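The block underneath contains the structure these notes are about, expressed in structure tokens.
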Amino acid sequence: WYGNPQFDGKYIHWNHLVLEHWDPRIAKNYPQGRHSPPDDIGSSFYPELGSYSSRDPTVIETHMRQMRSASIGVLALSWYPPDSSDENGEATDNLVPTILDKAHKYNLKVTFHIEPYNNRDDENMYKNVKYIIDKYGNHPAFYRYKTKTGNALPMFYVYDSYITKPEKWANLLTTSGSQSVRNSPYDGLFIALLVEEKHKYDILKSGFDGIYTYFATNGFTYGSSHQNWANLKYFCDKYNLIFIPSVGPGYIDTSIRPWNSQNTRNRINGKYYEVALSAALQTHPSLISITSFNEWHEGTQIEKAVPKRTSNTVYLDYRPHKPSLYLELTRKWSEKYSKDRTTYTSDQQLH
């Protein structure tokens with residue numbers, strides 16, 4: 001969702017607003033305004049590609065190459081319906097065809113991470129799922145996941161799924177629902193975000209097919225705390241849900257939320273990421289998701305970052321390691337994961 005003057009006529013997202021704390025007494029202690037790229041961007045790290053545009057074909061190509069080199073199989077695309085976008089950006093659905101084409105070239109698949117667009121509910125979710133499958137479902141890079149029953153179904157991650165009541169989701173996601181996609185050409189695997197422990201019962205009632213934990217901050221939520229993953233996996237197994245732990249290399253969003261330093265997690269030269277990956281592998285999951293490839297605002301990116309300093313900012317970087325450190329660690333653990341899986345999926349049915 002990034003843009004720059006060369007490709008978009010202006011900066012998008014790199015010039016992110018510094019978000020104010022909701023308590024005015026706290027807010028007044030922190031800077032305000034917005035970042036001014038290219039030297040000052042809304043991130044604590046600086047991309048090797050600079051303040052790039054997500055529209056730039058060479059950037060898309062470079063991203064695919066980086067993901068391929070990291071043994072990533074599927075990229076999850078932050079998605080808003082055609083005419084909408086996040087509050088800091090522009091509509092991005094028109095980028096999807098190019099992303100699918102480039103992904104295919106590198107033998108990667110693409111799945112959709114459905115963002116909480118305005119008034120998201122069961123009815124417009126049905127329309128949007130239909131739109132995605134009708135428009136992109138026949139592309140060779142469109143991701144389908146083979147279930148135990150041998151069906152290959154599209155997968156949709158649903159960010160902030162807990163905002164919508166379980167009764168509404170059940171209309172879409174259970175066979176008797178009024179907007180049901182089940183057993184129709186628009187059926188899929190719908191993955192809910194689990195934040196609090198109590199969400200697991202709502203997720204069951206809603207008819208979701210699995211859960212993911214998204215946040216890269218260990219200890220920030222019940223779902224993102226590594227120590228709870230074994231319990232969550234046990235719960236998912238019991239109710240035949242797919243458990244997808246989300247691992248991240250670290251977290252720092254103080255360039256856009258300067259008051260949020262309690263959620264910062266130091267990368268410890270790759271150690272933090274490896275601890276998360278190790279915890280994820282121990283649960284024998286069918287899939288692992290990475291938060292994130294390039295969410296620069298929250299400092300969870302594994303994309304290449306480079307050292308940079310300006311007169312008023314010193315950016316963080318991956319030294320003493322190379323800019324590719326997190327891609328290399330991803331590859332190492334992806335290969336270990338593939339090996340491990342052959343041992344524990346042979347005695348279950350392969351997911």
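Observations on the structure shown:
- Cα gyration tensor shape of the chain, rounded if a/c is under 1.5, else prolate or oblate by comparing a/b with b/c: rounded
- Global geometry of region 81-169, whether rounded, prolate or oblate, following the gyration tensor of its Cα atoms and the 1.5 cut on a/c: oblate
- Reachable lysines from residue 168, criterion Cα separation under 18 angstrom, eight or more residues apart if same chain: 127, 130, 198, 200, 205
- Of all accessible heavy-atom area on the chain, the percent that carbon and sulfur account for (1.4 Å): 49 percent
- Beta bridges by DSSP in region 24-348, antiparallel share as percent, to the nearest 5: 20 percent
- Karplus (6.51, -1.76, 1.60) ³J(HN,Hα), θ = phi - 60°, over region 234-247, in Hz, Gly and Pro reported as x: 4, 4, 4, 4, 4, 9, 6, 9, 8, 9, 10, x, 10, 10
- Scoring 164-176, 133-145, 184-196, 202-214 by mean Cβ neighbours within 10 Å over their residues and listing the highest first yields 202-214, 184-196, 164-176, 133-145.
- Ignoring lysines fewer than eight residues from residue 304 along the same chain, the ones with Cα atoms less than 23 angstrom from its Cα are 102, 105, 109, 271, 322, 332, 336.
- The dipole here belongs to region 24-348: it is taken about the Cα centre, uses +1 on the Cβ of Lys and Arg and -1 on the Cβ of Asp and Glu, and is about 780 debye.
- Spin-label pair residue 342/residue 268, simplified geometry with 7 Å Cα→Cβ offset, distance in nm: 3.1 nm
- Residues in region 74-91 carry Karplus couplings, in order, of 9, 9, 9, 9, 5, 10, 10, x, x, 9, 10, 7, 6, 5, 10, x, 10, 4 Hz; the curve used is 6.51 cos²θ - 1.76 cosθ + 1.60 with θ = phi - 60°, and Gly or Pro positions show x.
- Computed label-point distance, nm, for sites residue 118 and residue 17 using a 7 Å Cα→Cβ extension: 1.5 nm
The values are calculated or read from the model by the stated rules, or taken from the named source; none is laboratory data. Values in this document were obtained by computation on a predicted structure and should not be read as measured data. Methodologically, a virtual Cβ is constructed for each residue, glycine included, from the backbone with ideal geometry; neighbour enumeration extends over all protein chains shown. Each accessible area value is taken on the protein alone, full model and side chains, heavy atoms only, with ligands, DNA and RNA left out. Shrake-Rupley method; radii C 1.70, N 1.55, O 1.52, S 1.80 Å.
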